Amino acid sequence: MFFNEYNTIMNFYQKTLLLAAVTGFASLAAAQSADYPPAAKESIEWCDVWISHANETNLPRVLLIGDSITRAYYPEVEKHLAGRAYVGRLATSAFISDPVLPEQIKLVLSQYKFDVIHFNNGMHGWQHSESEYEQSLAALLKTIRQVAPDAKLIWANTTPLKVSPAQTQDNQKQATDARIADRNAIALKFMQAKGILVDDLNTPMAGHPELHSDNVHFNKEGVTQQAAQVARHIEKLLGP
């Protein structure tokens with residue numbers, strides 16, 4: 001059993017390392033294509049994949065896709081769903097229009113069958129416009145549907161800031177609550193039109209700076225509240 005699990009983990013990480021090399025070239029090629037604008041990168045780009053109970057098949061499997069907010073509430077969601085489902089995560093800084101993102105999603109979804117996918121994108125890529133965000137939602141959903149056609153989907157909107165800068169032309173390339181609200185409204189309209197359940201994580205956090213650990217992330221109480229809400233939405237789709 002130990003060696004089977006070891007081989008599963010090593011095979012997955014070998015593929016992840018290969019992906020890191022391949023997607024660099026993919027981004028360059030896409031940037032040179034008329035179909036994609038050049039992908040503007042952040043100073044640090046990262047990707048974190050975690051698949052628990054990799055060899056077990058007796059329970060449904062759930063995947064959380066998002067960024068560092070998702071990565072923070074993941075452990076608590078896993079605890080809430082213990083005995084009901086195995087929960088994995090794909091947390092990444094890749095913006096919705098970055099051609100690296102669909103490659104990351106395809107890699108993870110191609111390795112396991114997920115019954116429920118809870119996904120978000122919206123707290124990165126502030127150098128990109130909300131128009132570009134809107135144009136990329138269909139491609140994101142298409143990628144997930146292609147690799148996981150039978151998965152039940154939940155879209156999570158983007159959480160607010162502790163303190164939002166005043167809306168001026170000077171902050172058109174940084175996060176503000178106004179821009180988060182615009183992206184959430186765009187995504188809500190799109191997901192509702194597609195019949196996808198929406199998990200509103202923004203509203204319970206808005207106006208509660210005491211739930212933040214910094215301007216973007218949340219403290220233990222904030223994370224606990226988010227995890228409980230995420231787990232409740234997932235449980236509705238898991239069935240009895």
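The values are calculated or read from the model by the stated rules, or taken from the named source; none is laboratory data. Predicted model only: the values in this text are computed from it and were never measured. As a convention, Cβ positions derive from the backbone with ideal geometry for all residues, glycine included, and neighbour counts pool all protein chains shown.
Tell me which residues, restricted to the stretch 54-102, are among the small types (Gly, Ala, Ser) and in a loop (DSSP other than H, G, I, E, B).
Hits for the stretch 54-102 are Ala54, Ala82, Gly83, Ala85, Ser93, Ala94, Ser97.
Return the pair list, or none, for Cβ contacts closer than 6 Å from residues in the stretch 30-53 that are in a loop (DSSP other than H, G, I, E, B) to residues that are at pLDDT below 90, at least 6 apart or on different chains.
Listed pairs, sorted by first residue: Tyr36/Ala30; Pro38/Ala31; Ala39/Ser27; Ala39/Ala31.
Which residue, of Asp214, Asp199, is of a type in the set (D, E, K, R) and within 18 Å of the chain's Cα centre (by Cα)?
Checking each option against the conditions leaves just Asp199.
Please go through (1) assigned to a helix (DSSP H, G or I); (2) free of Cβ contacts under 8 Å to residues at least 60 places away in the same chain; (3) among the β-branched types (Val, Ile, Thr) for Thr224 and return the number of the only condition it doesn't satisfy.
(2)
Can you say whether His124 is outside any helix (DSSP H, G or I) and within 15 Å of the chain's Cα centre (by Cα), as far as the supplied structure shows?
Spelling it out, His124 is indeed outside any helix (DSSP H, G or I) and within 15 Å of the chain's Cα centre (by Cα).
In this structure, is Ala175 hydrophobic (A, V, I, L, M, F, W, C) and either touching a Pro at 6+ places or on another chain (Cβ under 7 Å) or surrounded by fewer than 17 Cβ atoms within 10 Å (Cβ to Cβ) (or both)?
It is false that Ala175 is hydrophobic (A, V, I, L, M, F, W, C) and either touching a Pro at 6+ places or on another chain (Cβ under 7 Å) or surrounded by fewer than 17 Cβ atoms within 10 Å (Cβ to Cβ) (or both).
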